[in-house]
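The numbers here are math on the coordinates, done by the rules we state, and not lab data. These figures come from a predicted structure and were not determined experimentally. With ideal geometry, Cβ positions are generated from the backbone for all residues, glycine too; neighbour counts draw on all protein chains shown.
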C-alpha cells in the first residue's frame, strides 16, 4: 500500500510488493544502506548498533530481519527487545554504540512499521545524513561482510530499568513529594511497550496504578494516536475509579497525553506547557517548540521572564534549535517533551515524572492546574490542490498578502496576529496545504482557518 522514504527513516505498510510497501527486501536494503553510512563515518572500526521495537504485530519478524542484516554487514548488535523510542535512544549512549534503529511506526495503525535511524548520540539523523542514507540505498552501494567479519549479537537484555533510573535520578523529579501525594492513576498504553515501562515507573514513584490496555501484544485497543476522539474509554475509567488523572502514551512512548480527574482532556498541547512551567520555576532559560505548537508555551515562558523560540516542524529540527539557543526545555505540541537534562529526545517517561512532581507541588487537581494556563484552541485543516498548481508560489503570495503581520517562513508560512495565528505547510507527498490555526476558542480558530483557505482559493483562481 505505502512506502515512505524520508530523512527520518523508512515507514510503510506491511506486505505486498517490494518498493511499494515495507517488505523483507526493503528492510534489508535500508538497513544495509544505514550501515554503509555508519562505515563512512567510522572507517576501519568494528561497529555496534542498538535495536529495539514496539509491540506491534510485525515487530518480531521485522526485528529478526534487521538484526540478521546488521550481523551480515559486519555489525555487532545490542538487541534490547521490546522498548520505547526514548529507551533505545538512551541505550545507544549507554552501550557506547555507533548508532541505533528503532522499529516502530509510532502512532500509525497496526499495519504500519518503520525503521527510525539514530546517530551515536542517540538522536535522529539530520537532513544531510538522512539524505545520504537514502542515496546509498537508491544506488544499492552497500556491501556485506565475509565469513570472518560477520557481526554477532552481544546482548539481549532489556534497558527499561536503566531508563527508569535515569528519569528518577533527575534533580527536578521529587520522588518523595509524588509518593506523599498518593496519586491514583489510570494508564492506557494501547497494548504496546508503554504497558510495561509506564506502570513500572509509576510504582517506583509510589503511585497506585490501574492498567488499561497495558498488555504488550500489539493488538491496539483503539486508534493508537493519543487524541481526544480515541480516548473515551480511559476518560470514563478515570471517573469511575475516582482516579487523580489518566496517562496515555502512543505505541513507542514518545508522546504523552493526560486526562483530568473529571474525565476531560488536559490537552496534548498542554503536556509540554505544564512541564515547562515547572522547569522554568526552578531553572531559568529558553524554551523551544515547533511552529505548529500552541502559543501557550510562549506565554508561560514569558511569564517566567524567559525567551521562547520557534523551530520548523519535526523532532530533529526542534532539537537543533534547542541546542542553538541552549533551551532548558522544549518539544512539540503533540505531547512530546524534550528535557536535555536527560537526553535530546521526546520522552513520555520524563514527561510523566516531571508532571507528577509539578502536580504534587501544586496541591491542585489536574483540572484546576489546567485552568491556570492560557486557554487556546487549535483547528487542523487541509486544502487539496491539483498536481499542476505550484504550491510554493501559492504560499509566497499568501506571505506577501500578510507581510504587514509577523510572518515566519522557516517552514511554510506562519502568520502571527495579535491574539491568534495560522500556519500553512505543504505536504511532501501530495498537493495538499495543511492549515493549522489557533485562537481563543474553536469558533475563532475555525473562522481564521476558513479565511486563509478562502485566500488560498482566491490566489489559485487568479493564477489560472
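Could you list 350, 248 in order of exposure, starting from the residue whose Cβ has the fewest other Cβ atoms within 10 Å?
350, 248
Scaled against the 2.2 N^0.38 Å expected of a compact globular protein of N residues, the Cα radius of gyration of segment 361-417 reads 1.81. Helical content alone sets the calculated 222 nm signal of the chain at -12000 deg cm²/dmol, taking -39,500 (n - 2.57) per DSSP H segment of four or more residues and averaging over every residue.
So if I average 1/r over every pair of distinct C-alpha atoms in the chain and take the inverse, what Kirkwood radius in Å does that give? For the chain, the Kirkwood estimate is 23.0 Å.
Each peptide in 151-157, 370-376 gets a packing score, the mean of other Cβ atoms within 10 Å over its residues, and the list from highest to lowest is 370-376, 151-157.
Using a Förster radius of 35 Å, what is the FRET efficiency between residue 282 and residue 208 based on their Cβ-Cβ separation? Nearest 0.05, please.
0.85
Estimate the FRET efficiency between residue 155 and residue 233 by the formula 1/(1 + (r/R0)^6), using the beta-carbon distance for r and 30 Å for R0, to the nearest 0.05. Efficiency at R0 = 30 Å is approximately 0.20.
According to the Kirkwood relation over distinct C-alpha pairs, the hydrodynamic radius of segment 150-218 is 13.5 Å.
For segment 179-257, the equivalent ellipsoid built from the Cα gyration tensor has semi-axes of 19, 15, 10 Å, listed from largest to smallest.
Each of the peptides 332-341, 131-140 was scored by the mean count of other Cβ atoms within 10 Å over its residues; in descending order, highest first, they stand as 332-341, 131-140. Rg/Rh, computed from the Cα trace of segment 3-158 with Rh as the Kirkwood radius, has the value 0.92.
Maximal additional length on extending the residue 404-residue 168 stretch stands at 80.2 nm, based on 0.36 nm per residue less the C-alpha distance. For the chain, the relative contact order works out to 11 percent when only alpha carbon pairs closer than 8 Å and six or more residues apart are counted.
Once you order the gyration tensor axes a ≥ b ≥ c over the Cα atoms, which shape class does segment 163-370 get: rounded for a/c under 1.5, otherwise prolate or oblate by comparing a/b with b/c? Intermediate values should be presented prior to the final figure.
On the way: a/c = 1.59, a/b = 1.38, b/c = 1.15.
Because a/c hits 1.5 or more and a/b exceeds b/c, segment 163-370 counts as prolate.
Segment 26-85 and segment 417-450 have their alpha-carbon centroids 39 Å apart. Projecting label points 7 angstrom from Cα along Cα→Cβ for residue 127 and residue 4 puts them 1.9 nm apart. Considering only Cα atoms, the convex hull volume of segment 377-463 works out to 83 Å³ per residue.
If contacts are Cα pairs under 8 angstrom and at least 6 residues apart, what is the relative contact order of segment 337-464 in percent? Before the final figure, lay out each step's value.
Details: 158 pairs, mean separation 29.8, N = 128.
It comes to 23 percent, rounded to a whole number.
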